[in-house]
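Report on the structure given below.
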Amino acid sequence: MLLSSALLLMIGGLIASDRAMTSAAVALARTDAQQSGLAIAQAIQAHLRAGGTLSNVATDSVLRSIIADGPAVRSAAAIVAGLDTVLVAGDPSTFAHAIRQAAPIAAGAEAPWLFVVAHKPDAEPLRLVLWILSLATAAFLGVGLVRERRQAMRIAERSSELERLYSEVARANTAKSEFLANISHELRTPLNAIVGFVELLKDGVYGDLSPRQVPPVDRIAASATHLRHLVDQVLDIAKIAAGRLEVHPETIVLRPFVLNVASELESLVNERGLSLSIAIAVTLPRVRTDPTHLRQILVNLIGNAVKYTPTGGISVRARLVGGPSRPTPLPQTTPTSPLSAHTPDLRRAWVALQVADTGVGIARADQARIFEEFEQVNAGPRGDSMQRGTGLGLAISRRLAQLLGGDITVDSDVGKGSTFTVWLPIHPADLEPLPSATPSVAGTAVN
Ligand code: ADP
């Protein structure tokens, strides 16, 4: 585009400058003819006054010198009377192709007398150079233009190829997610049967198990449960990736909700000899969220806390953070309550629901990647798959939290423990205190 405009401009400029040069040369020839014509008329008058006649005017020396002396660009000059040439100077052959101009001579004769000059185009070499230069530039621009066109065509081809590849990738991705969702769904049915029948076997429905049979049956039960958990998680990931996971928001009161989830996990916590405390103020605003998804996040975070805490305890707490009127955060329930890092936009209100443990902790360098799919830190040996986990729990939890309009962040120190914070957005209308709320902070030790 740019090159074509430059090319057009160049050609236009060239024609204009050529015209300008030609008309300047014509004007010079006209002036020469007119001025010399006047001088010739005076010389003829003088010749006649001195007794000469028009027929011998060609012998007049003054007249001859006027015709012979002209500007350097003049190549020929002639006095013409009707169809006869009275006097010629210079090279008459140049009349054929030079710039010609004529001026009338007041000679007093019957037939009109004219003075004709031929001027060689003065700027001819310059014009030639200009034309050559211009044509070379035009050729150069033309080549550039062709190249530009080709490049534009190549770019267009590439972008359509990219578009094609992109839609292929998108199709493949959807196909992958659908395949995963379908296969996981198909796997769940037989797995449920295995888990169910093994439970029946363990319960002695098909007769008592011999002491030798108990360990392998337990192993089958644990493996099948683990596998079903894995399949469930793959199904979740596939559904989220395919955008098929729906959110059904409800208004929940956080404290009873968390107590309920915690009581489900109590036996797991007790088995490991850990303590579990809940500290959630009754004054916290209600949360509009999908309870199924929030439950899944909480179960996963508490489950992880249990898994990665050899001794000590787990605490679940919640605080109101941010908001237009900056409500005062609730008093901290533990000496360290790391909300500092990665807090979201505090111009709006959030409930920061935290699961903190005194476990092994996560190195700073690993804190981002644990939220990626199948990413694990210091995972156990491959053979011990039940202890190993899947590396999907946090990826699912974060995506669920994002679906709920929030996020999950982590603060952790190796050897000291980890705190995972689930950020739940609070609707401004829910910032009004609950009518029945008593302003006490309820800290509950579950075990
Ligand atoms: P999984 O627990 O199945 O391996 P997750 O996605 O739940 O997968 O966790 C990813 C990794 O993050 C874990 O492998 C572990 O290294 C680390 N992790 C998660 N929670 C904790 C925690 N509470 N304490 C220490 N490390 C944790």
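Residues in segment 364-377 that are more than 7 Å from the ligand (Cβ to nearest atom) and either touching a Lys or Arg at 6+ places or on another chain (Cβ under 8 Å) or outside the structural domain of GLY303 (by TED's automatic domain parsing) (or both): PHE371 alone.
Among the residues of segment 258-292, write down those that are of a type in the set (Asp, Glu) and either within 16 Å of the ligand (Cβ to nearest atom) or not in a helix (DSSP H, G or I) (or both). Residue satisfying the conditions is ASP290 alone.
Got at least one residue in segment 231-246 being in a helix (DSSP H, G or I) and in contact with a strand residue (DSSP E or B) (Cβ under 8 Å, 6 or more places away or on another chain)? No, because not a single residue in segment 231-246 is in a helix (DSSP H, G or I) and in contact with a strand residue (DSSP E or B) (Cβ under 8 Å, 6 or more places away or on another chain). Selection of segment 409-420 for residues being on the phi < 0 side of the Ramachandran plot and within 12 Å of the ligand (Cβ to nearest atom) yields VAL410, ASP411, SER412, ASP413, VAL414, LYS416, SER418, THR419, PHE420. Looking only at residues in segment 288-297 that are in contact (Cβ under 8 Å) with a residue 40 or more places away in the chain and more than 16 Å from TRP350 (Cβ to Cβ), which one is surrounded by the most Cβ atoms within 10 Å (Cβ to Cβ)? It comes out as HIS293. Just one of the listed residues (GLY393, GLY361, GLY323, GLY406) is under 21 Å from ARG255 (Cβ atoms) and either modelled with pLDDT of 80 or more or within 12 Å of the ligand (Cβ to nearest atom) (or both), namely GLY406. Among the candidates ALA238, ALA262, ALA242, the residue that is in contact with an Asp or Glu (Cβ under 9 Å, 6 or more places away or on another chain), surrounded by 17 or more Cβ atoms within 10 Å (Cβ to Cβ) and in contact (Cβ under 8 Å) with a residue 40 or more places away in the chain is uniquely ALA238. Here HIS185, HIS248, HIS226 are screened, and the one residue that is over 30 Å from GLY405 (Cβ atoms) and either in the same structural domain as ARG295 (by TED's automatic domain parsing) or not basic (Lys, Arg) (or both) is HIS226. The set of residues in segment 293-320 being more than 16 Å from the ligand (Cβ to nearest atom) and modelled with pLDDT under 95 consists of ARG319, LEU320.
Mind listing whichever residues of segment 221-271 are under 30 Å from PHE179 (Cα atoms) and among the β-branched types (Val, Ile, Thr)?
THR225, VAL231, VAL234, ILE237, ILE240, VAL247
Quick grid of which residues meet (1) crowded, with 16+ Cβ neighbours inside 10 Å; (2) in a loop (DSSP other than H, G, I, E, B); (3) touching a residue at least 12 places away in the same chain (Cβ under 8 Å):
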position: GLY52; (1), (2), (3): no, yes, no
position: LEU63; (1), (2), (3): yes, no, yes
position: ILE79; (1), (2), (3): yes, no, yes
position: VAL88; (1), (2), (3): yes, no, yes
position: THR94; (1), (2), (3): yes, no, yes
position: ALA111; (1), (2), (3): no, yes, yes
position: VAL129; (1), (2), (3): no, no, no
position: SER134; (1), (2), (3): yes, no, yes
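Looking across segment 35-76, the residues that are within 17 Å of ALA118 (Cβ to Cβ) and of a type in the set (Gly, Ala, Ser) come down to SER36, GLY37, ALA68, GLY70, ALA72, SER75, ALA76.
The values are calculated or read from the model by the stated rules, or taken from the named source; none is laboratory data. Keep in mind that what you see is a predicted model, and the values were worked out from it rather than measured. A quick note on method: Cβ atoms are made from the backbone with ideal geometry, for glycine too, and the neighbour counts reach across all protein chains shown.
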